[in-house]
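Undergrad: This structure is in structure tokens; I'll ask about it shortly.
The values are calculated or read from the model by the stated rules, or taken from the named source; none is laboratory data. Just so it is clear, the model here is predicted, and its values are computed rather than measured. Cβ sites come from the backbone with ideal geometry, for glycine too, and all protein chains shown count toward neighbours. Each accessible area value is taken on the protein alone, full model and side chains, heavy atoms only, with ligands, DNA and RNA left out. Shrake-Rupley method; radii C 1.70, N 1.55, O 1.52, S 1.80 Å.
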Amino acid sequence: MTGRARTVTILLAFAWLAALVLAPFLVVAKISLAEVVIGRPPFTALLEWGEGAMPPALRVNWGNYALLFGDALYLEAYLGSLRLAAIATAVALAIAVPLAHAMTRAPARWRPALLVLAILPFWTSSLIRVYAWIGILGADGPLNRILQWLGIIDAPLAILNTDIGIVSGLVYSYLPFALLPVYASLVRIDPALGEAAADLGCRPLKSFFRITLPLALPGILAAGLLVFIPAVGEFVVPDLMGGSDTLMIGKTLWTEFFTNRDWPLASAATVLLVLLLVSPVVVLERRLFLRGEGRA
Amino acid sequence: MTFLSLRNVAKSFGGVTAVDGVSLDIERGEIFALLGPSGCGKTTLLRLVAGFEQPDAGAIRLDGQDIAPLPPYRRPVNMMFQSYALFPHMTVAGNIAFGLKQDRLPAGEIGARVAEVLKLVRLEGLEARKPHQLSGGQRQRVALARALAKRPKLVLLDEPLAALDRKLREETQFELLAIHRRLSLTFVIVTHDQEEAMTLAQRMAVMDRGRVAQVGAPRDVYEHPASRFVAGFIGTANLFEGTVAGQDNGLVRVQSPAAGCAVAVRHAGTLSAGTAACVAVRPEKLRLGDAGCDNGFAATVEEVAFRGEATLCRARLATGHALTLSLPNRARAGGDAPRAGAAVRIGFAADDAVLLTS
Amino acid sequence: MRRAGILPTLLLLAGFALLYLPIVALVVYSFNDGRLVSVWSGWSLRWYRALWDNRQMLDSAAVTLKAGFVSATLALVAGTLAAIVLARAGRFAGRSGFAGLVYLPLVMPEIVLGLSLLLLFVELDLDRGFATLVLGHAGFSAAFVAVVVHSRLVAVDRSIEEAAMDLGAPPLKTFLWITAPMIAPSMVAAWLLAFTLSLDDLVIASFVTGPGATTLPMRVYSQVRLGVTPEINAISTLFVAAVALVILTASLVNKGLIPGRSNGDSA
Ligand SMILES: Nc1ncnc2c1ncn2[C@@H]1O[C@H](COP(=O)(O)OP(=O)(O)OP(=O)(O)O)[C@@H](O)[C@H]1O
Ligand SMILES: [Mg+2]
């Protein structure tokens, strides 16, 4: 692509991104430095246009950030989100890797059907899936009833409204996100490599750890990020499945914004969350997302 | 002494029969070539021996032992893959050491063995490279080194030289021969290149649609092909189709419409008159001029192609049948070759042709 | 041919059971006659009738479908443009920043996207409603479109486009006649993905929409908060059935929905 067509395409695409991706983040950064007031909008302006006075006065308020770092509630919410998201990511990968491996091992004529089956939940509403999962885990839900019927437990397990409930909800919501990239990276591995390992005397389990897993590592890392990042900011799962004492940043933000209507504080919390999430992505970005694009 | 023995081995995939009742005996220490057109089942046969496929029928014995129940990682056989299958995340040394580590050899021993095979395939100095940092020819030699490192009783090579250019391929063929001689291993080598098979192998099997068409030393197979398929696949053959007209004194006369007369050929067996048969003659066995020959034809030269060591010549008989001749270029002046359009006599000896009935 | 061992088969069964059992239970209980979700008291369509009489729900469903349609179409155009720039424009100043902006919405939690879009709309003094809902959804689903289309574009042999230009086709014609047909399956897939993302979204919609444009997930969410009722099972079943129908038809029509090998993607 050359000349005018190229310039126009770049400018159009960039205008879109600037308006709907870049601008919102700049606005959030700006409002995070404002003060909360009662009114519409519920925050002060960054630039104060005095009575005809030029230039306008700049009013920067670092108080929101001071509050975030000073308030144990926020720190706990950040740490709690990171902890629960990390556990959920580990569990999701522990399920996704063997499952995807089994998919690549299935007879070739089943594989398209298995793939559609793995993608299908991804296309159904996450809210509905969380709702269905609540039904399964409830005190009188099928899981508790089966465990009681088998005599494994006497009284229903309280899973909902606990951390275990949240982790299971996160895992269930984001499992398809983990499954697809792992499968895609496993299926790309030449089966002859496994055969070559066997030919040289390597048993199947060992060959999985020595050959398959290292080659699939980029895909597994990508899958981990795809689960971890949305899980950190997740709102629906902690809101519907967590207890009242569960602190996750997504829920805290939501409350701050809709209930307390403290938009500047919510903005500051958002800025911190973005910084927290973007840093690992920037480190891994080249490896995960931009592979092969450089040779344009 | 038979080292690897296949008895009526068969394998099909769904409806496709890839290997159809193959029986072969491979001797200890020989280089044995499997030769055949694409899709005839060569790779499948190797994979059956390596253990990646289970035969539907038949037995595979290695050194007297039935290896059917052994999984690939327990078979004392190593394979060099058609695609090389080098582990992309390991260095050259890591790839070569992989098999040795599976045997839990001490680290010092592994290092020594890796260095030894690297020297053998002349890749010293490249041990720290990853496969993607190597040229095609170097990768191919790493694959070979990896298959040799465990000193297996039997090495299977699936089209080992297919990815190389002609010159490198010829050099590597002689290297392979040298390596084989030094290590005194047994090689089974798959190829669809008949010259490669003849250069490397002491014996070869020509395969056709899952079956063995002929087994023998390259020279035997070339000079005494057992069927029209083998005669046509190994080298070029001029065929005179016809029926047996008579037989005396070890000479069979085949009445051939293509030749426009009876063709004489030496043949040991007895054939009744009227049997359908075919006389096959190699291009280099045809001569210009039929003085002293058992068979002679008048022909017109149509095309002449200079090939370096020989000149290929296409001539048409009065019957319309075309023959291919290969005439050695003995003199630099090139006086041996006829010109296009020249009327010539073409002859060959009855001893230089073969009679084919299948 | 490897034989499928017993362990992989068990794994597959367990894994897919985990994915599907909750959904199956939900579907089954939508036909339950009783009010209690966990006690089976016979087959009935009563919750579907209740749904049919629920005007608010139906209105929200209409809003959701319309918003999905418009935002997916917008996202397809914008995302395809971005994919073309990434795959075909070569190097230009700010390219890595551009790529970062394209992929940023993929790696941001929905709550961050929703909050920041809302604050932008407030800052611009836009009235919140259907228009802001559509813009918000298009803004984040364009990133998914870009990924899907881009992975197909890089797999298309560039010399085919170069051949078209060599034969005299200007860039726009080359795109419309040569490139677009080759990436069409991935564009269909990307549109469908953007459409379902919009239908599915609760968090962003809660921020950017306004009165009169309440989406179905928002209604379902407020009902779920009040307690589990079979009516939600019914509406969820309809959702699942619609999505399953669309996906199965689409994947039968073209294999472009399935990433990886079947697509011919090597990316
Ligand atoms: N896994 C498989 N599934 C189905 N058919 C197969 C499979 N492997 C081989 N075949 C078929 O079996 C026949 C023999 O294949 P094979 O790979 O052994 O041929 P080959 O002689 O090695 O050919 P080439 O010289 O092209 O490598 C072919 O018709 C092939 O299509
Ligand atoms: Mg082959």
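Undergrad: Okay, helix-only estimate at 222 nm for chain A: each DSSP H run of n ≥ 4 adds -39500 (n - 2.57), divide by all residues, round to 500 deg cm²/dmol; what do you get?
TA: Taken over chain A, the calculation gives -21000 deg cm²/dmol.
Undergrad: Related question: Restricting to the range B:4-230, what percent of DSSP beta bridges are antiparallel, rounded to 5?
TA: 55
Undergrad: If you don't mind, another one. Once the Cα atoms of helix B:107-120 and of chain B are each reduced to a long axis, what angle between those two axes, in degrees from 0 to 90 to the nearest 10, is obtained?
TA: 20
Undergrad: Okay, next question. What are the ³J(HN,Hα) values, in whole Hz, obtained from phi via the Karplus relation 6.51 cos²θ - 1.76 cosθ + 1.60 with θ = phi - 60°, for each residue of the range B:242-251 in sequence order, with x given for Gly and Pro?
TA: Per-residue couplings from phi come out as x, 10, 5, 9, x, 8, 7, 6, x, 9 Hz.
Undergrad: Take the alpha carbon atoms of the range B:166-231, find their center, do the same for the range B:64-92, and report the distance between the two centers in whole angstrom.
TA: So the two Cα centres are separated by 22 Å.
Undergrad: May I ask for the Kirkwood hydrodynamic radius of the range A:50-159, worked out over all distinct Cα pairs and given in angstroms to one decimal?
TA: Taking every pair of different Cα atoms in the range A:50-159, averaging 1/r and inverting gives 19.8 Å.
Undergrad: Can I ask one more? Check B:Phe3: other-chain or 5+ apart residues with amide H under 5 Å from its amide H, H built from backbone geometry?
TA: B:Ile26, B:Glu27, B:Arg28
Undergrad: Could I ask something else about it? Quantify how strongly other chains surround peptide A:3-14 by giving the mean number of their Cβ atoms within 10 Å of each of its Cβ atoms.
TA: For peptide A:3-14, the averaged partner shielding equals 6.
Undergrad: If you build a Gaussian network model of chain C, linking Cα atoms that sit under 10 Å apart, which residue out of C:Gly97, C:Gly129, C:Gly34 swings the most?
TA: C:Gly97
Undergrad: Something else now. Sorted by mean Cβ packing within 10 Å, highest first, what order do the peptides C:42-49, B:2-9 take?
TA: Descending mean neighbour count gives B:2-9, C:42-49.
Undergrad: What three numbers, in Å, describe the spread of the alpha carbons of the range B:236-356 along their principal axes, ordered from the longest?
TA: Its Cα atoms span 48, 25, 24 Å along the three principal axes.
Undergrad: I would also like to ask the following. With each run of n ≥ 4 DSSP H residues scored as -39500 (n - 2.57), what mean residue ellipticity at 222 nm is computed for chain C after dividing by its residue count and rounding to the nearest 500 deg cm²/dmol?
TA: -23000 deg cm²/dmol
Undergrad: Calculate how steeply helix B:136-149 sits against the longest principal axis of the alpha-carbon atoms of chain B, using the helix alpha-carbon long axis, and give the answer as 0 to 90 degrees to the nearest 10.
TA: In chain B, helix B:136-149 runs at an angle near 70 degrees to the longest axis.
Undergrad: Just checking the output field for A:110-122: average partner chain Cβ neighbours within 10 Å of each residue's Cβ?
TA: For peptide A:110-122, the averaged partner shielding equals 5.
Undergrad: Ok, one more. So what's the convex hull volume per residue for the Cα atoms of the protein assembly as shown, in Å³?
TA: Value for the protein assembly as shown: 265 Å³ per residue.
Undergrad: Could I ask something else about it? Kindly report the accessible area of the protein assembly as shown per residue (heavy atoms of protein chains, probe 1.4 Å, no ligands, DNA or RNA), in Å².
TA: The answer is 45 Å² per residue.
Undergrad: Taking amide H atoms as placed 1.01 Å from N in the peptide plane, list the residues 5 or more away in sequence, or in a different chain, whose amide H sits under 5 Å from that of B:Ala353.
TA: B:Arg266
Undergrad: Still on this model: For chain A, compute the orientation-averaged projected area of the C-alpha convex hull (one quarter of its surface), in nm².
TA: In nm², the orientation-averaged hull projection of chain A is 24.3.
Undergrad: Now for a different question. Mind checking which lysines have their C-alpha under 26 Å from B:Lys150, skipping anything on the same chain fewer than 8 residues away?
TA: Partners found: A:Lys206, B:Lys42, B:Lys101, B:Lys119, B:Lys130.
Undergrad: Continuing with this model, one more query. Once you charge only the Cβ atoms, +1 for Lys and Arg and -1 for Asp and Glu, what is the size of the charge dipole of the protein assembly as shown about its Cα centre, to the nearest 20 debye?
TA: Dipole about the Cα centre, nearest 20: 1540 debye.
Undergrad: Okay, next question. In Å, the Kirkwood hydrodynamic radius of chain B over pairs of distinct alpha carbons?
TA: Mean inverse Cα-Cα distance, inverted, gives 23.0 Å.
Undergrad: In addition: Once each part is reduced to its C-alpha centroid, what is the distance from the range C:152-186 to the range C:6-24 in angstrom?
TA: 42
Undergrad: Here is a further query. Kyte-Doolittle cut-off 1.6, length cut-off 24 Å along the helix's own axis using Cα: show which whole DSSP H helices in chain C pass.
TA: C:6-30, C:230-253
Undergrad: Ignore the peptide's own chain and count Cβ atoms of other chains within 10 Å of each Cβ in B:87-94; give me the average, rounded.
TA: What the average comes to for B:87-94 is 3.
Undergrad: Could you tell me how many degrees, from 0 to 90 and to the nearest 10, lie between the Cα long axis of helix B:166-183 and the main elongation axis, the longest principal axis, of the Cα atoms of chain B?
TA: 60
Undergrad: Using the Cα gyration tensor of chain C, with a ≥ b ≥ c the square roots of its eigenvalues, what is the shape: rounded (a/c below 1.5), prolate (a/b larger than b/c) or oblate (neither)?
TA: oblate
Undergrad: Where in chain A are the DSSP H helices whose C-alpha atoms run 30 Å or more along the long axis and whose mean Kyte hydropathy is at least -0.5?
TA: Helices meeting the criterion: A:72-105, A:163-187, A:263-288.
Undergrad: How many angstrom lie between the C-alpha centres of the range B:301-358 and the range C:52-115?
TA: One Cα centre to the other: 73 Å.
Undergrad: Can you give the relative contact order of chain B as a percent, counting alpha carbon pairs under 8 Å and 6+ residues apart?
TA: The value is 15 percent.
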